[in-house]
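Student: Structure incoming, see below.
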Amino acid sequence: MGKEFKKKSIVLIGFMGAGKTTAGELAAQKLNWGFIDIDQEIEKKFGMPTKEIFKKYGEEAFRTYEKNIIELKTSEEGQVISLGGGAFMNEVTRNTCLANTVVIYLDISWDAWKKRFEQLVDTRPVLQGRDLNEIEELFSKRRILYSHHHFHILTDNLSPDEVADEIVNFI
Ligand code: S3P
């Protein structure tokens, strides 16, 4: 990687359950950088899980705070920042991350993702009330948003530790 990326924070994007938090934490440890999980920051602020925030305050309130906290956190250097899977729907967020950080897309194939569905459905409000066909449609739409990145890692056959190694290799 060229010098222009030195110390810039890393932002991890990708669909729910792609492993952004786990691999991000490991990469931060390997780099001796800080780690920030945007969903956890939002949950801390509201004092409740994401699912409850959606229920009590609505998705829009979640998205507004998500955009603001990302703007704040991406202004820091030397951080690995894991974004929620919907954060790149916001154009300002996309542009801010692409301009100020190294954006790494943790990609996963639909076949690999489907196997994780049961594990995710209870905690991800966006999955609730949608059948698998509808989720596949959302998956395809989100892929277009994730095409805005600097680096790409296909995670299907990699352990979290291997994904973290690949992240570190980009720096
Ligand atoms: C969302 C993804 C979640 C969380 C919220 C909404 C989405 O984050 O931000 O439930 O719209 O894709 P993860 O990608 O960490 O699951």
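The numbers here are math on the coordinates, done by the rules we state, and not lab data. Not measured: the values here are computed from a predicted model. Cβ: placed from backbone, ideal geometry, glycine included. Neighbour counts: every protein chain shown.
Student: At q = 0.25 Å⁻¹, work out log10 I(q)/I(0) for the range 78-171 with the Debye formula, treating every Cα as an identical point scatterer and leaving solvent out; two decimals please.
Tutor: Values returned for q = 0.25 Å⁻¹ are -1.46.
Student: Per residue and in Å³, how big is the convex hull formed by the alpha-carbon atoms of the range 3-169? Please list the in-between numbers first.
Tutor: On the way: hull volume 17.7 nm³, N = 167.
With only Cα atoms used, the range 3-169 gives 106 Å³ per residue.
Student: Another question, if that's okay. Taking the mean number of other Cβ atoms within 10 Å as a proxy for protection, how do you rank 26-33, 9-16, 103-110, 121-128 from highest to lowest? Present the calculation step by step, with values, prior to reporting the outcome.
Tutor: Values: 26-33: 17.9, 9-16: 25.4, 103-110: 20.8, 121-128: 15.5.
Result, highest mean first: 9-16, 103-110, 26-33, 121-128.
Student: Just need the relative contact order of the range 1-75 here, percent rounded to a whole number, with Cα pairs under 8 Å and 6+ apart. Working shown, then result.
Tutor: Working: 30 pairs, mean separation 17.7, N = 75.
Reported relative contact order: 24 percent.
Student: About the Cα centre of the chain, what is the dipole size in debye to 20, counting +1 per Lys and Arg Cβ and -1 per Asp and Glu Cβ, all else neutral? Display every interim value, and only then the final one.
Tutor: On the way: 23 positive and 27 negative charges, 76 e Å.
It comes to approximately 360 debye.
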